[in-house]
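To start, the structure under review is shown below, and the notes come after it.
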Amino acid sequence: MANQNLTQAKKAKNDEFYTQYHDINKEIQAYIDYNPDVFKNKTILLPCDDPEWSNFTKFFAQNFERFGLKKLISTSYATESKLYKSNYQPSLFETNAPQFDEKKTRKNGKIFTLTRDTTGDGKVDVEDLEWHYLKWDGDFRSEEIKKLRDEADIIITNPPFSLFREFLAWIVEAKKKFAIIGNMNAITYKEVFPLIKENEVWLGATNFNRGMYFKVPEDFVYADSYKFEKEQNGERVSRVPWVCWFSNIDHGRRHQPMPLMKEADIIKFSTNQPFQKYDNYDAIEVSLAKNIPSDYDGVMGVPISFLDKYSPEQFEIVGRADANIATENNQYHITGFRDKGWAPLLLGEFVYKRILIKHKS
């Protein structure tokens, strides 16, 4: 039992990833640059959050007046929530408040709201946050948080990665604008890909190629294979690869067409062989998005990283090729299809996940 508890504590400790302020600013500023009034008179909900540890509430509170917000709401989990157990300790921010109750902090989530200047200093910022305990533990699936979701215009957060599908469905169900962080592989989820295909969800403005560094606790346990920075600006961090923003808030980068070359020039300058067609589908394999030929009118299979450069004015998404592919004795075989998908076969060998695209006519 002691070993089991230790393992659970270690897992909880290593689930505490906090988005850095500059990463939030970079993404949100792209939406502002495209539409300066995107947040004007809007109510923003930041679930899965806590202003004492998270930068989301701090960022929007500090920019409340600049963005012209109507209301800011953030909710946090109880420290003993079934959804998320943390190593969090009450801070002076809470213990100095008259409503602080250590027992409730363990069992009840908290709600923080910002609408007005409460300190009398003539500005609305993080010092004007007001808070009280929720009735339940702060689980976004509770009726209590659903009501806040329905009240909000925009939802922004870094949800638990293990609950990404359910969290996105929770937002889409309410038809809300959003910007959330998730793993790049979520693109091919059966709950996510149709939304991307129909241009209802897209990747955010921040390029994901370098991954994202998250702030972690001082006692965070790094994997033996970890080879990246462990500290930035005096804070302990961990790099998570293949992380990106998913959003339905427009930004300028998604409308910038990719510069392309003709097929003959690609072959000439990159020493590529002529593009090969799949053995089992009428489409050509394009292993690098930068090598998409400008003069090919048919369907092309490209890596999912293509979506980081995807412009809906330039390309049409036709579908996806995504099956569970395993290897045994250096032989590939299909272990099961995802959502009636298929595995692209090229010269007798299976190819990893592909997005199927064609030029817009």
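The values are calculated or read from the model by the stated rules, or taken from the named source; none is laboratory data. No experiment lies behind these values; they were computed from the predicted model shown. We place every Cβ from the backbone using ideal geometry, glycine too, and count neighbours over all the protein chains shown.
Counting only strands (runs of 3 or more DSSP E) that fall entirely inside segment 228-321 and contain at least 2 residues that are hydroxyl-bearing (Ser, Thr, Tyr) and out of contact with any Asp or Glu (no Cβ under 9 Å at 6 or more places or on another chain), no element qualifies. Do we find that Phe164 is in a helix (DSSP H, G or I), under 22 Å from Lys26 (Cβ atoms) and among the hydrophobic types (A, V, I, L, M, F, W, C) in this structure? Against the criterion (in a helix (DSSP H, G or I), under 22 Å from Lys26 (Cβ atoms) and among the hydrophobic types (A, V, I, L, M, F, W, C)), Phe164 qualifies.
Residue pairs whose Cβ atoms lie under 6 Å apart, sitting 6 or more positions apart in sequence or on different chains, and linking a residue in segment 54-69 that is assigned by TED's automatic domain parsing to the domain that holds Thr19 to a partner that is crowded, with 22+ Cβ neighbours inside 10 Å and part of a helix (DSSP H, G or I), are Asn55/Ile24; Phe59/Ile24. Considering (1) at pLDDT 90 or above; (2) outside any loop (DSSP other than H, G, I, E, B), say which one Asn185 fails and leave the rest. Only one criterion is unmet by Asn185, namely (1). Check Ile171, Ile111, Ile155 and return the single one that is part of a helix (DSSP H, G or I) and touching a residue at least 12 places away in the same chain (Cβ under 8 Å). The match here is Ile171. Exactly one residue among Glu200, Glu191 is exposed (fewer than 13 other Cβ atoms within 10 Å of the Cβ) and touching a residue at least 24 places away in the same chain (Cβ under 8 Å), and that residue is Glu200. Filtered by the rule that a residue be hydroxyl-bearing (Ser, Thr, Tyr) and without any contact (Cβ under 8 Å) to a residue 60 or more places away in the chain, segment 226-243 gives a lone residue, Tyr226. The helices (runs of 4 or more DSSP H) falling completely within segment 2-107 that include 3 or more residues that are modelled with pLDDT under 75 map to 2-13, 92-95. Selection within segment 309-349: residues that are modelled with pLDDT of 75 or more and more than 26 Å from the chain's Cα centre (by Cα). The member of this set that is surrounded by the most Cβ atoms within 10 Å (Cβ to Cβ) is Pro344.
Checking each residue in segment 113-127 for being within 12 Å of Thr57 (Cα to Cα) and modelled with pLDDT under 95 picks out Asp125, Val126, Glu127.
Would a scan of segment 248-260 turn up a residue that is in contact with a Lys or Arg (Cβ under 8 Å, 6 or more places away or on another chain) and more than 22 Å from Ser311 (Cα to Cα)? Looking through segment 248-260, none of the residues is in contact with a Lys or Arg (Cβ under 8 Å, 6 or more places away or on another chain) and more than 22 Å from Ser311 (Cα to Cα).
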